[in-house]
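See structure below.
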Amino acid sequence: MSSATRQTLQTEILGREVQFDYSEHWVGYALVSMRVVMGWVLLQGGLTKLITYLDADPSNDWTAAGYLANAIPPGNPFASVFASMAGSPLIDMLNMWGLTLTGLGLIIGAAVRFNAFWGAVMMLFYWAAALQGGLLAGLPLEHGWVIDDHMVYAALLFGLGAAGAGRILGVDAYLEKLSVVQNNRWLRLLLG
């Protein structure tokens, strides 16, 4: 590592002093690639639903109703909650537009903290819908216990928001320089 890009992080994790060297260039590349890839996953999921919904043939309209009413695994502790959401146009709109706009925001690096938060919330809902049993059953999922792809996505989104990944090759770097943002604490918290 060249000395120009080499940084040292000193912190305390679980009561232990931790120090390691890293390259800020490579961390930046990693954050941008994770932000764009995660954004693409969400955008693609939203666009496929949205395009089907907006198709001229109303018999092809996408809805979450079938999944919520019939595909929640047996023993899911939240099955009745999800079943009560089936057929709600609000749930369909939140799902389609939430995935689409969150994905787009992550790709272009706009309001990354806001988008990462809501993306993680969506992933936690998807995770809860995939549970096949309760706490006493070990929170089983189709491919293991407790952790599945939705939980990995939620953790990745948390990291992107915490790191302020929109500041690196993203719109947030420009927006944060605006006086309206610099003078408004709440706007500063949404960006990053």
(request) Work through the residues other than T52 whose Cβ is under 13 Å from its Cβ and net out their charges, Lys, Arg +1 and Asp, Glu -1. (result) -3
(message) So if each residue of separation counts as 0.36 nm, and I subtract the Cα-Cα distance between D55 and V81, what length gain in nm does that give?
(response) 6.4 nm
(message) Could you tell me the calculated FRET efficiency between A30 and Q10, based on Cβ-Cβ distance and R0 = 25 angstrom, to the nearest 0.05?
(response) 0.80
(message) If each DSSP helix of 4+ residues adds -39,500 (n - 2.57) and the sum is divided by the residues in the chain, what number results at 222 nm, nearest 500 deg cm²/dmol?
(response) -18500 deg cm²/dmol
(request) Excluding P89 itself, calculate the net charge of residues whose Cβ lies under 14 Å from the Cβ of P89, where each Lys or Arg counts +1 and each Asp or Glu counts -1. (result) -1
(request) Grab the Cα-Cα distance for V146 and L187, subtract it from 0.36 nm times how many residues apart they are, and report the gain in nm with one decimal. (result) 11.3 nm
(message) Just to be sure I understand: if I project the alpha-carbon convex hull of the chain onto a plane and average over all orientations, what area do I get in nm²?
(response) 14.9
(request) Work through the residues other than G159 whose Cβ is under 15 Å from its Cβ and net out their charges, Lys, Arg +1 and Asp, Glu -1. (result) +3
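Each reported figure results from applying straightforward, stated rules to the coordinates on display, with no laboratory input. Just so you know, these numbers come straight off a predicted model, no measurement behind them. Quick reminder, even Gly has a Cβ in these numbers, built from the backbone with ideal geometry, and neighbours come from all protein chains shown.
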